[in-house]
Amino acid sequence: MIARKIALGFAVVVIAAITIPLGMIAWVVATESGTAWLINRLQSMAGSGITIGTTAGTLRDGISARDIRLVIDNDETSIDLISFRLNLPALLQRSVEFEELSISEIEYRQGESTTAASDSGEFSLPVDIRIARGSIQRISVITPENELVADFTGFVADASGNRISLQDVTTEINEFQLQGAGEVRFESELELAVSLEWESDIGGMNYAGSGT
């Protein structure tokens, strides 16, 4: 009798040890409250430099977030609305894969520099990141000297270690349609390689070219 009670108690402990973590995972992945809890935890880990207004959706079905603001030194990046859907099985292989990612408007505003510029330094991502289909409706880059605005931009992106690669980039800047690809490497010095093709119709004349 005592042995049976011990065995039953052990079985209950084992089942609880299995079902409670699975229940937590299901709660985080499939419910809005669980996904919101995870996002809040990640935001807390990132520190006060990033704020998120509101979120909706789940990891299973897709997430949207509004009023995102990132401040690093005096530079500020703001995103009006971002929506994305993850490939969940890829997470088991330490890879973050966005099946689709769309941003309504993103604005980067460069502040006045108060310290001397430093080298980019070596940098390495802890996980691989892939964006299978990305789009941004409007991009604004504002510096103290200039402002650059790009309309709809589509792209595919891969990031691994110290490398970020962009492919199938299409965008429009000042009536110029641009297509290209690029790669950024974060080493002791920042390395950037870009190839572009452009085309535009201005005053009934067609202009086109390419470069690297």
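When you count the other C-beta atoms within 10 angstrom of each residue and take the mean per peptide, 95-104, 144-153 line up highest first as 95-104, 144-153. Each residue in 41, 130 was given a count of other beta-carbon atoms within 10 angstrom of its own, and listing them fewest first yields 41, 130.
Across the stretch 130-145, computed HN-Hα scalar couplings (Karplus, 6.51 cos²θ - 1.76 cosθ + 1.60, θ = phi - 60°) run 9, 10, 6, 8, x, 8, 10, 6, 7, 10, 10, 10, 10, 10, x, 9 Hz from first to last residue, x flagging Gly and Pro. Taking label points 7 Å from Cα along the Cα-to-Cβ direction, residue 165 and residue 39 give a separation of 3.1 nm. With both labels modelled 7 Å from their Cα along Cα-to-Cβ, the residue 46 to residue 149 distance reads 2.6 nm.
Once the chain from residue 25 to residue 100 is taken as fully extended at 0.36 nm per residue, the excess over their C-alpha distance is 24.8 nm.
Read the figures in this text as sums done on the coordinates, not as results from a lab. Just so we're clear, the structure is a prediction, and the values are computed from it rather than from any experiment. Note that each Cβ is placed from the backbone with ideal geometry, even for glycine, and that neighbours are counted across all protein chains shown.
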